[in-house]
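> One structure follows; several queries about it will come next.
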Amino acid sequence: MNWQELNNIEDYSSLIDSSSLNKSTIALFKHSTRCSISSLAKRRIESDWNKLNPDVPIFLIDLIQHRDLSNFIATDLKIEHQSPQIILLVEGNPIYHSSHLSISSKSIAKRI
């Protein structure tokens, strides 16, 4: 599993712009390191992401360290913040999101 960390608003904005220009698909995972449900959701993604979504880069947002980024994303994408939460974007636009125990690699693969 190749998590890429997303740590600030500038990098997020560049990522959205790049996804739009390159017509690419990306996933954002909002993760709380203090939450057992978030840890479970993260392990579920790690178990089969590479098999089901090998061409989709996934970005990890640590909510404890970067709550400002998470709030910005919620406002920017007009998706209510939840934790844990996964958001799938195609060409910079959200096409799917889920939270808590609804998060799975399979649910993402179905939308691609």
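> So which of GLU91, GLU10 ends up being open to solvent by 70 Å² or more (accessible area, probe 1.4 Å), at positive phi and more than 14 Å from the chain's Cα centre (by Cα)?
When all the criteria are applied, what remains is GLU91.
> Still on this structure, I have one more. Return the residues of region 13-39 that are assigned to a helix (DSSP H, G or I), in contact (Cβ under 8 Å) with a residue 12 or more places away in the chain and under 15 Å from the mean Cα position of the chain (by Cα); say none if nothing qualifies.
Selection gives LEU15, ILE16, SER19, SER38.
> Now, a different point. When both residues are 6+ apart or on different chains and their Cβ atoms are under 6 Å apart, which pairs have a first residue that lies in region 71-85 and is within 18 Å of ASP17 (Cβ to Cβ), and a second that is open to solvent by less than 70 Å² (accessible area, probe 1.4 Å) and modelled with pLDDT of 95 or more?
If the second residue must be open to solvent by less than 70 Å² (accessible area, probe 1.4 Å) and modelled with pLDDT of 95 or more, the pairs left are PHE72/ILE9; LEU77/PRO94.
> Could you figure out which of (1) in a strand (DSSP E or B); (2) open to solvent by less than 60 Å² (accessible area, probe 1.4 Å); (3) not charged (D, E, K, R) isn't true of ILE45?
(1)
Residues checked against (1) in contact with a Leu (Cβ under 6 Å, 6 or more places away or on another chain); (2) farther than 17 Å from GLU5 by Cα; (3) of a type in the set (Lys, Arg):
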| site | (1), (2), (3) |
| --- | --- |
| ASP48 | no, yes, no |
| LEU52 | no, yes, no |
| HIS66 | no, no, no |
| GLN85 | no, no, no |
| LEU89 | no, no, no |
| ILE95 | yes, yes, no |
| SER99 | no, yes, no |
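The values are calculated or read from the model by the stated rules, or taken from the named source; none is laboratory data. Note that this is a predicted model, so its numbers are computed, not measured. Positions of Cβ are generated from backbone atoms using ideal geometry, with glycine treated the same way; all protein chains shown enter the neighbour counts. The accessibility values were calculated without ligands, DNA or RNA, using every heavy atom of the protein model including side chains. Shrake-Rupley method; radii C 1.70, N 1.55, O 1.52, S 1.80 Å.
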